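Asks: Handing you a structure now.
The values are calculated or read from the model by the stated rules, or taken from the named source; none is laboratory data. In this text the structure is predicted, and so the values were computed from the model without any measurement. Because the Cβ atoms are built from the backbone with ideal geometry, glycine has one as well, and the counts that use them run over all protein chains shown.
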Amino acid sequence: MKFPVRALCVGLLSAIATINPATAADDCKDPMTQYDMNRCSAKDAGREDALLNKNYKELTGKVDAKEKARIKTVQLAWIKFRDLQCNYEADRYEGGSMQPLVHSSCVYALTKQRNKDLVEMIKEVSH
């Protein structure tokens, strides 16, 4: 009895694997399923986080060692705040399919704002 179930699972996995990756990427324009919403939100958060790293490196590259150490302390504290805040917000949905969406949406929003702050700091030290 196990063999037919295993064969069915392999068949389903093969069908899933043949989904066009371009179509999956387009789902983020108008995600319809919870899975797609979670995936797209995580993707958005990841892009903002990559930009955060870029902005942080640019900022710390424009200041002396003492200022760089101060910025690092602030940034590490901010990351801890962001992570605690987003965990808190997502924990309300613990075990539910919305939990990843709530978490990554929070990470996206807070990181986007932090990027704006870092860009302003870059402008200040560039003058």
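Asks: Can we say R92 is modelled with pLDDT of 95 or more, more than 30 Å from K62 (Cα to Cα) and of a type in the set (K, R)? First the steps, then the outcome.
Replies: Working: modelled with pLDDT of 95 or more: yes; more than 30 Å from K62 (Cα to Cα): yes; of a type in the set (K, R): yes.
Yes; evaluated as a whole, the condition is true for this residue.
Results for (1) surrounded by 14 or more Cβ atoms within 10 Å (Cβ to Cβ); (2) more than 15 Å from the chain's Cα centre (by Cα); (3) of a type in the set (G, A, S), shown as yes or no for each residue.
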position	(1), (2), (3)
C28	yes, no, no
A42	yes, no, yes
E48	yes, no, no
E58	yes, yes, no
K72	no, yes, no
S104	yes, no, yes
R114	yes, no, no
S126	no, yes, yes
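Asks: Follow-up question, since we're still on this one. Are any residues in region 22-66 modelled with pLDDT under 95, part of a helix (DSSP H, G or I) and of a type outside the set (K, R), and if so, which ones?
Replies: Result: A22, T23, A24, A25, D26, D27, C28.
Asks: Conditions: (1) over 17 Å from the mean Cα position of the chain (by Cα); (2) in a helix (DSSP H, G or I); (3) modelled with pLDDT under 95. I19 meets all but one. Number of the miss?
Replies: Condition not satisfied by I19: (2).
Asks: Is there a residue in region 96-105 that is without any contact (Cβ under 8 Å) to a residue 40 or more places away in the chain, within 28 Å of Q34 (Cβ to Cβ) and of a type in the set (A, V, I, L, M)? Break it down into steps so the answer makes sense when it comes.
Replies: So in region 96-105, the residues without any contact (Cβ under 8 Å) to a residue 40 or more places away in the chain come out as 96, 99, 102-103.
Now restrict to residues that are within 28 Å of Q34 (Cβ to Cβ): 96, 99, 102-103.
From the residues that got through so far, the ones that are of a type in the set (A, V, I, L, M) too are 102.
Within region 96-105, one or more residues are without any contact (Cβ under 8 Å) to a residue 40 or more places away in the chain, within 28 Å of Q34 (Cβ to Cβ) and of a type in the set (A, V, I, L, M).
Asks: Looking only at residues in region 74-102 that are charged (D, E, K, R) and part of a helix (DSSP H, G or I), which one is farthest from the chain's Cα centre (by Cα)?
Replies: D91
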